[in-house]
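Computed from the coordinates by the stated procedures, all read-outs in this text should not be read as laboratory data. Since we're looking at a predicted model, the values are computed, not measured. Here the Cβ positions follow ideal geometry from the backbone for every residue, glycine too, while neighbour counts run over all protein chains shown.
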Amino acid sequence: MKAVNLILVLILCVGISSCAQNKSLLIDDFEGEISGGAKGTVDFGSGEGSSVDVTASKDIKYQGNQSLKIAYDAIGGGYMWIARGFELDAKNSSWLVKHTKIKWNNFDAFSFYIYGSNSKTRVSIDIKDNTDEMWRFIFTDDFSGWKQIVCPLKDFFARSDWQPATADVNGIIDFPVKSYQFEPIAKAKGTFYVDNVELIKTQ
Ligand SMILES: [Ca+2]
Ligand SMILES: [Ca+2]
C-alpha cells in the first residue's frame with residue numbers, strides 16, 4: 001500500500017508542477033462594448049497631428065465574437081495611446097481580472113494576440129507599474145495574420161522619453177501592474193488587431 005501511495009503522490013506532484021509551468025491568466029478578450037471617452041471601455045486618444053480610431057472587429061478576431069481594431073496614423077512629433085486597465089481616465093476600461101487580485105509572482109510575461117499586416121510598423125507596448133513608472137516593449141509588425149507576441153517582463157525597459165508626472169522612476173517593475181497601452185511609432189499608418197491578452201509563465 002505504501003508503494004501505491006508513493007506512486008500516487010509522485011503522479012500528483014508531476015501533475016501540479018506541469019500545471020504550474022503551463023499557467024496562464026486571461027486578462028482581456030475585448031468582448032462587449034468598445035467605446036472611448038470618459039465612460040468608455042478603452043482609454044485612447046492622440047495629439048500633435050497623429051490620429052487613431054478604435055473599434056470592435058467582428059470579422060477579424062482570434063477568439064470569441066470580436067477583437068480590438070486599431071487604425072492609426074502616427075506622424076512625426078505626434079503621439080497616441082490605446083490603453084486598458086485600472087486608474088485610467090476611461091472609467092470602464094478594466095481588465096477581466098482586478099490587478100490587485102493577480103498573483104504576479106506566478107507570471108513572467110505578458111502575451112498579446114496580434115493580427116498583423118506586414119506593415120513593418122514598430123509598435124510600443126507600455127505597461128504602467130504600481131509607482132506609475134512606464135515600461136516599454138517593442139514589436140515589429142512583420143507578419144500577416146494572427147501571432148502571439150510574448151513580452152517577457154525582463155525585456156521591458158523604462159521609458160526615457162516620457163514618464164507620468166506622478167511616476168516614481170525607481171527602476172523596478174512594481175506590482176501590481178495597473179495598465180497596458182499601445183503606441184505605433186511614427187511615421188506609420190495602418191491597422192492592427194488585438195485579441196486575448198494573457199499573463200503567462202515562460203520558464
Ligand atoms: Ca475576443
Ligand atoms: Ca517602479
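Below, the figures for the structure above:
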item: Among (1) of a type outside the set (V, I, T); (2) in contact (Cβ under 8 Å) with a residue 24 or more places away in the chain; (3) away from ligand 1 (no atom under 16 Å from the Cβ); (4) closer than 17 Å to W81 by Cβ, the one test that L153 misses; result: (4)
item: Segment 58-82 residues that are on the phi > 0 side of the Ramachandran plot and in contact (Cβ under 8 Å) with a residue 60 or more places away in the chain, paired with ones that are in a loop (DSSP other than H, G, I, E, B) and surrounded by fewer than 20 Cβ atoms within 10 Å (Cβ to Cβ) (beta carbon under 9 Å, 6 or more apart); result: G64/E31; G77/E48; G77/G49
item: Considering residues of segment 72-107 that are of a type in the set (A, V, I, L, M) and in contact with a Phe, Trp or Tyr (Cβ under 9 Å, 6 or more places away or on another chain) only, the residue surrounded by the fewest Cβ atoms within 10 Å (Cβ to Cβ); result: I102
item: Qualifying residue in segment 97-109 (condition: farther than 24 Å from K187 by Cα, in contact with a helix residue (DSSP H, G or I) (Cβ under 7 Å, 6 or more places away or on another chain) and in a strand (DSSP E or B)); result: yes
item: Check on P164, touching an Asp or Glu at 6+ places or on another chain (Cβ under 6 Å), surrounded by fewer than 16 Cβ atoms within 10 Å (Cβ to Cβ) and either of a type in the set (D, E, K, R) or farther than 25 Å from K69 by Cβ (or both); result: yes
item: Residue satisfying all of: in segment 152-189; among the basic types (K, R) and assigned to a loop (DSSP other than H, G, I, E, B); farthest from ligand 2 (Cβ to nearest atom) among these; result: K187
item: Residue selected from segment 83-134 under the condition free of Cβ contacts under 8 Å to residues at least 60 places away in the same chain and among the hydrophobic types (A, V, I, L, M, F, W, C), by the criterion farthest from ligand 2 (Cβ to nearest atom); result: A90
item: Of all residues in segment 108-146 being among the charged types (D, E, K, R) and under 14 Å from the mean Cα position of the chain (by Cα), the one that is surrounded by the fewest Cβ atoms within 10 Å (Cβ to Cβ); result: D108
